Amino acid sequence: MQGIFHEKTVQRTVFLLIACCMLPILLYLSPFALTENDADESAEELTASAQMTLSSTQKLSDITDNKISTKITISEPTELAIFSDKGVAGVYLIWDQPPGKWQILAGDRTIECGLYDFVHEYIEIGDEYRSITLHLPEGAVLCDIRLFGKGILPDDIQVWQPPYEKADMLLLPTHADDEHLFFGGTMPYYGGELGYRVQVVYLTNHSLPSSLYWHDTRRIHELLNGLWTVGIVAYPVISDFPDLQSLASDYRNPQELAKALAQAKNQYNFDEWVEFQVENIRRFKPYVILGHDVNGEYGHGAHMLNTESLMKALTISADPEQYPESAEKYGVWDVPKTYLHLWHENTVSMNWDIPLENFGGKTAFQMAEVGYKCHISQHIYNLAVGRSGVSDCRAFGLYRSTVGADVTGGDFFENIDFSEYETEPVTDEVTTSSPDDTNEMPSSTTSKESRNTTKTVIVTDRIFDAEIMIAYIFAIVFVLALVGIAIYAILIRR
C-alpha cells in the first residue's frame, strides 16, 4: 500500500512539474496576455492640474492657454517649477523661435534640451516625476507648455526627429505652404504612407525681421503643423534668406516673368542660393529632388530663383572643387533624378487619389488639402491645392536623370536601384530618443525597409523573445518528461 502511495505521489509530482513548465507558455501566448503595446494607454494631460511657478513676474496663463498668440519673453534666466501628484513623464513646449540650449532638472538628472533648435519641442523625461524644474534661457520666447504622463501622446503633439543624415527625397519649397500647394500629395504618399525619408528644405525664412512686412512668426507654427499633419517626422531645414516680394503682374507674360526674376536676383545673392542648394544636395544625398516651376507657378520671382539656382547646383554638386567647404564636410553627390513642377518635357501626372491606409482612407490629394489648411494666415489669398493650370499639383516633368527616362511613369523613384547607392549598413531599429542623462536625440538614419513605428519594433521583439522562450521551456519540459517516464518505469518494475 505504501508503495502504491509513493508511486502516485511521484506521478503527481512529475505531472505538476510539467504543468508548471507549460503554464508560462500558455500565459505568454494567451490572448489575454499583456504586451507593451496592450499596456499602452493614452497619456493623461496634466497641464491644468499641475502646479506651476515662474521665478519671474510674467503670467503663467500666457503659456498655458494652448495659444501661440499669447507668449512670454524670458528677459533673464528663469526657472519654471512644476509639481504634479500624478507624475510628469513628458513636456511639450512651443517656442516663438529657436530658444537655444536649456535644461530640465528631474530628480538627480539634468536633461539637456534645445539641442536641435526645434520650435515645437517634446522632451521625454522617461520616469514620472512629481517635481521638475525647467531652466529657461534668457532671450527665449515661450508660447505654450503642455505636460503629460506616460502613454500614447495625442496626435497633435509633435515629436520631431532631427533632419535625416541620408534622405530618399528632397523637397525644395520656397515658402511655407508651397509644399502643399504645388507638390501636392508627395509628402503624405511617399513620406506618410510608404515611409520614404522625405526631407523638406525651405529657401526662405518668414521669421526673420529682415523679411520686412512679410515677417510673421505665425508661419513657422503653420509650417510645422502642416508637415506633421501629412506624415513628415524629420525636422525641416529653413534657410536664413528673408521672405521678400517679387511678383510678376501677369504670370502669362514672359516679359513680366523676366522682370520678377530680375527683381529677385536684385534682392538676393544668387551665388549664396546656389551654395545653399549645393550644400543641401551634398548633405542629404537624395535619390530624387522636387523643385518649383521655372516660371514660378503664378510668377513669383523667388520661386523662379529657387529653380534657377537648383539647376545650377545640379551641375556642380558632384564637383569637389566647387564650394569645397561643403564638399569636405559632406562629400559630393550627383542627384539621380530631379523633377520640376509643370516642367514641359518627360511629363508625368501623379495619381494623388489613392486612399492611404495611414491616413484613415483619405487620399494624398485630400491630405495635401488638410496640410494647407494649417496655413491659416495665407488663406486670405484664396489659393488652393488644385488640379489644373499653374496650380496642378499632379503635373511634373523629369528635368534631369542619371538613370534614364521614365517608362511606366507615376512614380518618382522609377529606375532607382537603392542597392546601388547604399554605401554603409543601416540599422534595423527605429531611432528614438532615450531618457539618458542628456536626453540627446539621434539623427534619423533608418532605411526605407526599417522605417516602422516603435510599436511595430516592440511587437517584432516580442515575437522573437517568444520563440526563444518557447524553445527553452519545451527543452526543459522534454527533459522533465524523460525523467518522469524513467521514474515511473522504475516504480512499475518494483
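Each reported figure results from applying straightforward, stated rules to the coordinates on display, with no laboratory input. No experiment lies behind these values; they were computed from the predicted model shown. All Cβ positions, even for glycine, are placed from backbone atoms using ideal geometry, and neighbour counts span all protein chains on display.
Among residues other than residue 265 with Cβ under 14 Å from its Cβ, the summed charge is -1 (Lys and Arg +1, Asp and Glu -1). The gain in end-to-end length when the residue 388 to residue 421 segment is fully stretched comes to 8.3 nm, 0.36 nm per residue minus the alpha carbon separation. Note that the range 66-215, at 4 °C in a medium of 1.567 mPa s, gets a Stokes-Einstein diffusion coefficient of 74 µm²/s from its Kirkwood radius over C-alpha pairs. Please give the per residue volume of the convex hull enclosing the alpha carbon atoms of the range 51-148, rounded to a whole number of Å³. Considering the Cα atoms of the range 51-148, their hull volume per residue is 85 Å³. Applying a threshold of 24 Å to the alpha-carbon distances of 101/285; 285/362; 259/312 flags 101/285; 285/362 as lying beyond it. Taking every alpha-carbon pair within the range 163-294, the share separated by more than 25 Å comes to 28 percent.
Judged by the ratio a/c of the largest to the smallest principal axis of the C-alpha gyration tensor, the range 169-421 counts as rounded, that ratio being less than 1.5. 3J(HN,Hα) along the range 372-386: 5, 4, 5, 8, 4, 5, 9, 5, 5, 8, 6, 8, 7, 5, x Hz, from the Karplus curve 6.51 cos²θ - 1.76 cosθ + 1.60 with θ = phi - 60°, whole Hz, x for Gly and Pro.
As a calculated quantity, the FRET efficiency between residue 319 and residue 377 at R0 = 56 Å, using C-beta atoms, amounts to about 0.90.
The alpha-carbon atoms of the range 37-97 define a convex hull whose volume equals 118 cubic angstrom per residue.
Put simply, when 164-171, 130-137 are sorted by average Cβ atoms within 10 angstrom per residue, most first, you get 164-171, 130-137. Where a ≥ b ≥ c are the square roots of the eigenvalues of the C-alpha gyration tensor, would you call the range 348-414 rounded, which needs a/c under 1.5, or, failing that, prolate if a/b is larger than b/c, or oblate? Oblate, since a/c reaches 1.5 and b/c is not below a/b. In angstrom, the C-alpha Rg and Dmax of the range 199-251 are 12.6, 37.
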